[in-house]
Amino acid sequence: MAGLIDRLQHFFEKHAFGVCTALGEKIGLATSSIRLFFIYASFLTFGSPIIIYLSLAFVMNMRSHLRKRSTIWDF
């Protein structure tokens with residue numbers, strides 16, 4: 001059972017947006033505590049941190065696309 005949970009956790013960390021991981025690396029906090037903060041804050045505030053999470057995911061996604069295209073000729 002522990003192997004299944006580890007595989008699921010690895011899958012979601014690899015294929016999710018990576019917002020909590022990026023914040024954890026920049027701030028120096030554990031990723032799990034940032035995830036718990038988003039979960040608890042979402043329940044307490046009726047989902048408003050989800051908007052913040054999705055906007056951060058959008059910004060991170062746009063940054064990765066802009067880094068891949070280095071010249072104007074790549075468009």
All but one of (1) under 18 Å from ARG63 (Cα atoms); (2) exposed (fewer than 10 other Cβ atoms within 10 Å of the Cβ) hold for VAL19; which doesn't?
-> (2)
Across the stretch 6-64, the tally of residues that are touching a residue at least 40 places away in the same chain (Cβ under 8 Å) and of a type in the set (S, T, N, Q) stands at 1
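Given the structure, is LEU8 out of contact with any Lys or Arg (no Cβ under 6 Å at 6 or more places or on another chain), loosely packed, with under 11 Cβ neighbours inside 10 Å and modelled with pLDDT of 85 or more?
No.
The values are calculated or read from the model by the stated rules, or taken from the named source; none is laboratory data. Small disclaimer: the values here were computed from a predicted structure and weren't measured. Please note: Cβ atoms are built from the backbone with ideal geometry, for glycine as well, and neighbour counts cover all protein chains shown.
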